[in-house]
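The values are calculated or read from the model by the stated rules, or taken from the named source; none is laboratory data. These figures come from a predicted structure and were not determined experimentally. Please note: Cβ atoms are built from the backbone with ideal geometry, for glycine as well, and neighbour counts cover all protein chains shown.
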Amino acid sequence: MTSLTRPIPLQWRRSSGVRVALAHLITRTALARVPVGVRLPDGTSFTRSEPPSDAPVIELVHPDALLRRIAESPKIGIGEGYTAGDWRPGEGTDLVEVLRPFAERLRTVVPPYLTRLRRFVDRPIPSSERNSPAGSRRNIEAHYDLSNELFAAFLDETMSYSAALFDDRRPLAGQDLATAQVRKVHAMLDLADVRAGSRVLEIGTGWGTLAIEAARRGARVTTVTLSTEQAELAQRRVAAAGSADRVDIRVQDYREVTGSYDAILSVEMIEAVGEEYWPTYFGALDELLAPGGVVALQAILMDHDRYRATRRSYGWIQKHIFPGGMIPSLRAIETIAQRHTGLRVDRADAFGEHYAETLRRWRRAFDDSWPQIAALGFDETFRRTWEFYLAYCEAGFDTGYLDVARIRLSRGGRGERW
């Protein structure tokens, strides 16, 4: 018998409301199913049975505070508890080692009879984070306009903030991240058949690397972003690359773009569109794509059942990192395209394990660069928030809970799958 089956503490029993009671029940049941040791401040085990000797260990620094956070909001409280210092990995345990067992069991950690009650516990997505034209600008600025210097401190010299594509034929340890990022960019350009003379639209400029490489192929590129910080640095990078005459960078919403393009590319931008606006987004792709053209998306994905289970709830990543964000499934993309456009998915190539390695590199660089980042004015709360964000995502891709794929859409096709 574990402490998870002991009576609920007095301060919990005094709490009222169905929401809190269900949060208690779900949390207790989930922890009983995950092989992670949990130790109290005095060093004793939170559970009466010891975990396996090789199990990662969580140290509860402020257990009452953490339990109150989890009771209030299970999907948000664990991350906020880490940021606040209520818990930490045990000595010699990496944060990803603690998070991985939970990511591995996200589909099963809560029994089906309890998942049907999640609507009483989940928080709704705030209406203020809707991705209307004005809302999208606010949501993008909240993350991407933090500071170009911040991102430069942990990204490689290509300033690519998306999954790299490593060479599967070589050991990862010997591969340079910048080289893998350029390989990813050219895989996307190849997927969209970008060549000399191609009219290219990029939705989501980033810091300009894809636009630069497309221009080097002889394409003419229009690229749009809602981040003024990104646009300013991208302009400088494009000019330094000698591509200013071939690249038009605009601070513009995708809904405002006009014209006709042979290739439309968007790297990890669909996650910021919001489910409500997916028909609008794919409708814009369809309208802007020239006859015979190709759309190439790089998209973070989750299993369709998990997408359906989480699509209406508000999580830690949305609250603290990507307001307005929503990760689709491949089936959701296929369905929206089929219902609202003439576009069809005709190829999808998954490479989620490459994202896990990319995130490992970013997290290491972020830790190593923290003195430089702190000098920019970011505090310890920010450090712990981003440490949890990078580790949380790494665990998701490392276990397959999350995936990423290059997806091609055209008007017709055979339908190749990974």
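Yes or no: Ile264 farther than 29 Å from Phe382 by Cβ, touching a Gly at 6+ places or on another chain (Cβ under 9 Å) and either in the same structural domain as Ile203 (by TED's automatic domain parsing) or aliphatic (A, V, I, L, M) (or both)? Yes; evaluated as a whole, the condition is true for this residue.
Every condition in (1) at pLDDT below 90; (2) surrounded by fewer than 19 Cβ atoms within 10 Å (Cβ to Cβ) is met by Asn131 except one, and the failing one is (2).
Taking the stretch 322-418 and the helices (runs of 4 or more DSSP H) fully enclosed by it, no element has 3 or more residues that are hydrophobic (A, V, I, L, M, F, W, C) and surrounded by fewer than 19 Cβ atoms within 10 Å (Cβ to Cβ). For the stretch 173-188, the condition of being modelled with pLDDT under 95 and either in a helix (DSSP H, G or I) or among the basic types (Lys, Arg) (or both) holds for at least one residue. The requirement of being on the phi > 0 side of the Ramachandran plot and either of a type in the set (Asp, Glu) or under 19 Å from the mean Cα position of the chain (by Cα) (or both) is fulfilled nowhere in the stretch 301-318; no residue meets it.
Could you go through the stretch 194-202 and let me know if any residue there is in contact with a strand residue (DSSP E or B) (Cβ under 6 Å, 6 or more places away or on another chain) and among the basic types (Lys, Arg). Yes, the stretch 194-202 contains at least one residue that is in contact with a strand residue (DSSP E or B) (Cβ under 6 Å, 6 or more places away or on another chain) and among the basic types (Lys, Arg).
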